[in-house]
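These notes are about the structure you will find just below.
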Amino acid sequence: MKVVNILVSSFRALLRNKMRSFLTMLGIIIGVGAVIAMLAIGQGAEYSVKEQISALGTNVLIIFPGTQQQGGVRVSAGSATTLTENDAQAIMNECPAVRYISPGTRAGGQIIAGNLNWATGIEGTGADYLTIRQWPIAYGDFYTEQDVKGATKVCVLGKTVADNLFPDGTLVGQNIRIRNVPFKVIGVLSKKGQDPMGHDQDDTILAPYTTVKKRLTWYPYLRQILVSAASVADIPVAQNQISELLRMRHKIARYDQDDFSIRNQADIVATATATTKILTILLASIASVSLLVGGIGIMNIMLVSVTERTREIGIRMSVGARSKDILAQFLVEALVLSLLGGFIGIAFGIIASTLISDLAKWPSIVTAFSIILSFGFSIAVGIFFGFYPARKAAMLNPIDALRYE
Amino acid sequence: MDASLSTIPPPDGLLIRVEHLTKVYKLGDFEVHALRGISVEVKQGEFLAIMGASGSGKSTFMNILGCLDIPSKGNYFLEDVDVSRLSRDELARIRNTKIGFVFQGFNLLSRTSAIENVELPLLYCSTSNKVRHQKAISALERVGLGDRIHHYPNQLSGGQQQRVSLARALVNDPKIVLADEPTGNLDSRTSIEVIGIFQQLNRHGITIILVTHNPEIAQFANRHVNFRDGKIKSDQINPNPKSAVEVLKNLPPENPEDEL
Ligand SMILES: Nc1ncnc2c1ncn2[C@@H]1O[C@H](COP(=O)(O)OP(=O)(O)OP(=O)(O)O)[C@@H](O)[C@H]1O
Ligand SMILES: [Mg+2]
């Protein structure tokens, strides 16, 4: 039988039972739609994580104290005993591939301004911190090298903190109390948004690390050192130079492990996207279960159809249809169902993911890959679940099929 | 295979040779002997009527002749080809090109127009859409249904439906038309009209094998074979078969409601 004729007769057979064909397709439509939408949302998450991480600033390296193997971006605090200000100074002086450096420490606490208060983290940084992170100041000034050296009690507020403590706006020059230590506000940071972990990066206060250390934490070591390489190409060079220098300064024997870790952008992106990839795979595999269920629906309907049309099969065989003609006819019917369902499902998935990202303010990206994937999937479902009923029809004996009541 | 199938019939015009054909149906440990050794020869151009009591194995025999069923034992040669050695696909090809089958219950595809029903056999051999269409129309015209080609089976009378199935049987120019009680569901006048078409086909050289319970109908055939208990009881030539055209002429005029 010619392909065109098979197609024509399949369409006729499906149109004869419009409602049933539609309901069968609905399984595939929902399955494919769900796969497309879930992939779009997962990939949207991946994309926004990458975006946010690169918002950290380019060419950035972060040195953490302690051996860091677990793959998390942040190191556990317990081992944070090995980075000193002298290490930071040495890196600045002896690593030519390093351009800017900002030693860092951290404190948390209650902040009071007038009769308002707010609890947040205080980031102790160097004067080049904002340069490294490419984070402009919204108004006011940032503290200088002098402020850092002198451990002056000045601070710069993140947007969220500023909004909560000074709803009226006029705040430069005002005093706030951080854990009862008075600090003078000299500026406000521009809005940065959420970081890859979902933290509000604007819910922060920056102050000279020397001041934070001396007035708030009394902790003698650094929590991290932020460094920017001279260029992207210099990142590995800088990493090597820092590593060698720190191993020497910390007197680490040749085959011993580092007691610090250096992470670059690529590492951070890789770790973070690995998490979102798992999310994507998880979402998509849950969605493909519904595609599977849709496939079983096709099989069910095709089996019913074969039984119902046994006489038709017998008539076709009696006028010369071969087994493969019957096989082709039922397989094509299953394929038409799943392909049509696939097409509609793709449209449905695209609409659904747009709606979700509009409502949830979450980016969604429909890639050609996900369309091809789910389309291929629905073809496979059609063939896989259509084959058994089609074969059952094709293997009937002509006379048994004709006599079937 | 194709080459041997399309050979010209042997000089003696022998079309069908059946030897010691038996058919046993097994129902659990119970056996039904539907055919108990049938041997018969049919020549090209014969018009054979098979008769016999209900359950004597006529339909079983016809289904084997039509390659719809296979015998338990015995040989069936169609144009000197041993049919019992053929594969499923080769049997399908024989059904498609050599045999036209007409059933008592018409066996038309419902919700499919007359012309599409008639085109069905041509879908399973390589025929262009145009040729297929033309052949189907001329087959329908041959059975007198040229004006009903787009009607659906449920819009046709029993006689008309049987004509459609006859048109389907002959659309592929078969050697043999096998008809299992084709007039069983028809009134006597319509029966004779349908038999008339068989006679006309027979005059064009198509071999007809027809099962009937009606001795009147058998009078139109030129050979009578009687079945009893899965065996052939008698096999006689009918020296002067009736002509359907003549009989119809002598019948009272057509019932106006029965618009054939
Ligand atoms: N599929 C089957 N399974 C079991 N027994 C069968 C089957 N088909 C036919 N038979 C038996 O075989 C015997 C012959 O049946 P067949 O249909 O050939 O009779 P028939 O001569 O055509 O009868 P009728 O004139 O009533 O149509 C019967 O006894 C019937 O019960
Ligand atoms: Mg019978």
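The values are calculated or read from the model by the stated rules, or taken from the named source; none is laboratory data. As the structure is a computational prediction, the values presented were derived from the model and not from experiment. As a convention, Cβ positions derive from the backbone with ideal geometry for all residues, glycine included, and neighbour counts pool all protein chains shown. The accessibility values were calculated without ligands, DNA or RNA, using every heavy atom of the protein model including side chains. Shrake-Rupley method; radii C 1.70, N 1.55, O 1.52, S 1.80 Å.
Numerical summary
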item	result
Criterion violated by A:Leu246 - all others in (1) part of a helix (DSSP H, G or I); (2) outside the structural domain of A:Gln146 (by TED's automatic domain parsing); (3) not hydroxyl-bearing (Ser, Thr, Tyr) satisfied	(2)
Residue among B:Arg111, B:Arg85 that alone is more than 14 Å from chain A (Cβ to nearest Cβ), at pLDDT below 95 and open to solvent by 60 Å² or more (accessible area, probe 1.4 Å)	B:Arg85
Lone qualifier among B:Ala179, B:Ala114, B:Ala167, B:Ala139 - being small (Gly, Ala, Ser), in contact with a helix residue (DSSP H, G or I) (Cβ under 9 Å, 6 or more places away or on another chain) and within 16 Å of ligand 2 (Cβ to nearest atom)	B:Ala179
Filter result for the condition that a residue is surrounded by fewer than 18 Cβ atoms within 10 Å (Cβ to Cβ), under 25 Å from A:Ala233 (Cα atoms) and at pLDDT below 90, over A:Ala55, A:Ala77	A:Ala55
Flag if A:Ile235 is touching a residue at least 12 places away in the same chain (Cβ under 8 Å), under 18 Å from A:Ser102 (Cα atoms) and assigned to a helix (DSSP H, G or I)	yes
Helices (runs of 4 or more DSSP H) lying entirely in the range A:305-405 (those with 2 or more residues that are surrounded by fewer than 24 Cβ atoms within 10 Å (Cβ to Cβ) and at pLDDT below 90)	A:323-360, A:368-394
Filter result (open to solvent by less than 10 Å² (accessible area, probe 1.4 Å) and either within 16 Å of ligand 1 (Cβ to nearest atom) or within 14 Å of another protein chain (Cβ to nearest Cβ) (or both)) within the range B:192-216	B:Ile209, B:Leu210, B:Val211, B:Thr212
Residue within the range A:78-95 that is without any contact (Cβ under 8 Å) to a residue 60 or more places away in the chain, out of contact with any Ser or Thr (no Cβ under 8 Å at 6 or more places or on another chain) and of a type in the set (Ser, Thr, Tyr) present	no
So B:Leu122, is it closer than 20 Å to B:Leu178 by Cβ, open to solvent by 20 Å² or more (accessible area, probe 1.4 Å) and more than 8 Å from every other protein chain (Cβ to nearest Cβ)	no
Matching entry among B:Ile38, B:Ile50, B:Ile16 (being more than 15 Å from ligand 1 (Cβ to nearest atom) and surrounded by 14 or more Cβ atoms within 10 Å (Cβ to Cβ))	B:Ile16
Strands (runs of 3 or more DSSP E) contained entirely in the range A:96-176, each with at least 3 residues that are open to solvent by 40 Å² or more (accessible area, probe 1.4 Å), more than 30 Å from A:Gln239 (Cα to Cα) and not charged (D, E, K, R)	A:116-125
